[in-house]
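S.K.: Before we start, here is the structure in question, set down as structure tokens.
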Amino acid sequence: MTLILSWLTSKLAGPVLGACSGLLLAALIALWIASTAAEAGLRSSVKTAQAQADAASRNLVTCQGNQDALTKSLNAQNASLAALKAQGDAATASADKAVAAASSASVAAQTAAATVLASKPGVDLCTSADALILETLK
């Protein structure tokens with residue numbers, strides 16, 4: 001029995017080992033191909049991500065430049081508004097003074113008109129007129 005078993009093992013060991021070696025070699029080749037494809041995919045993903053990062057970096061620089069320009073424009077606009085407000089305030093103060101002066105002149109004119117309207121001419125109209133003129137000039 002030992003002789004039969006030894007004969008079988010010697011006859012079967014070579015083909016079994018050969019088949020196992022072939023299968024192992026095929027598995028290693030398949031693994032190498034798969035890892036090469038995965039590595040190529042990863043390299044492609046890294047290149048894509050790097051390109052996107054570069055584009056985002058350029059966009060950030062552009063946005064920062066636009067923000068700086070906008071800030072300068074807003075500061076200039078705010079300065080212009082402040083100057084315009086100061087001009088408006090000065091014009092309002094000047095107009096208020098003019099209104100006060102006109103009101104004062106109006107009161108004086110109304111008083112003079114009331115004096116003229118209230119005066120009664122005397123017997124001599126020329127003397128009455130002269131007296132009225134002199135009174136209004138005071």
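The values are calculated or read from the model by the stated rules, or taken from the named source; none is laboratory data. Owing to the predicted nature of the structure, the values given are computational and were not obtained by experimental measurement. Note: ideal-geometry Cβ built from the backbone for every residue, glycine included; neighbour counts use all protein chains shown. Surface areas here come from the heavy atoms of the whole protein model, side chains and all, with no ligands, DNA or RNA. Shrake-Rupley method; radii C 1.70, N 1.55, O 1.52, S 1.80 Å.
S.K.: Only helical DSSP H runs with n ≥ 4 go in: add -39500 (n - 2.57) per run for the chain, normalise by residue count and round the 222 nm mean residue ellipticity to 500 deg cm²/dmol.
M.R.: Values: 2 runs with 130 residues, N = 138.
So the helix-based figure for the chain works out to -35500 deg cm²/dmol.
S.K.: Let me check I've understood the local charge: for Ala131, count other residues with C-beta under 12 angstrom from its C-beta, Lys and Arg +1, Asp and Glu -1. What total comes out? Can you show the working numbers first?
M.R.: Numbers: positive: Lys120, Lys138; negative: Asp124, Asp130, Glu135.
Residues close to Ala131 contribute a combined charge of -1.
S.K.: Next question. Please report the projected area of region 46-91's Cα convex hull averaged over all directions, in nm². Each step should come with its number before you reach the end.
M.R.: Details: hull surface 11.7 nm².
Mean orientational projected area (region 46-91, Cα hull): 2.9 nm².
S.K.: Mind pulling the per residue volume of the convex hull built on the Cα atoms of region 73-127? Å³ is fine. Write out the running numbers ahead of the final one.
M.R.: Numbers: hull volume 4.0 nm³, N = 55.
Each residue corresponds to 72 Å³ of Cα convex hull volume.
S.K.: Also, quick follow-up: At a 1.4 Å probe, what is the % contribution of carbon and sulfur to the accessible area of region 17-120?
M.R.: C and S fraction of accessible area: 68 percent.
S.K.: Give the angle, between 0 and 90 degrees and rounded to the nearest 10, that separates the Cα long axis of helix 2-118 from the longest principal axis of the Cα atoms of the chain.
M.R.: Its long axis makes an angle of about 0 degrees.
S.K.: Could you state the accessible area per residue of the chain in Å², with a 1.4 Å probe and every protein chain left in place? Display every interim value, and only then the final one.
M.R.: Working: 11470 Å² over 138 residues.
It amounts to 83 Å² per residue over the chain.
S.K.: Provide, as a two-decimal number, the C-alpha radius of gyration of the chain over 2.2 N^0.38 Å, N being how many residues it has.
M.R.: On the way: Rg = 55.5 Å, N = 138, 2.2 N^0.38 = 14.3 Å.
Rg over 2.2 N^0.38 Å, computed on Cα atoms: 3.88.
S.K.: If you fit an axis through the alpha-carbon atoms of helix 125-137 and take the longest principal axis of the Cα set of the chain, what angle between them do you get, 0 to 90°, nearest 10?
M.R.: Result, in degrees: 40.
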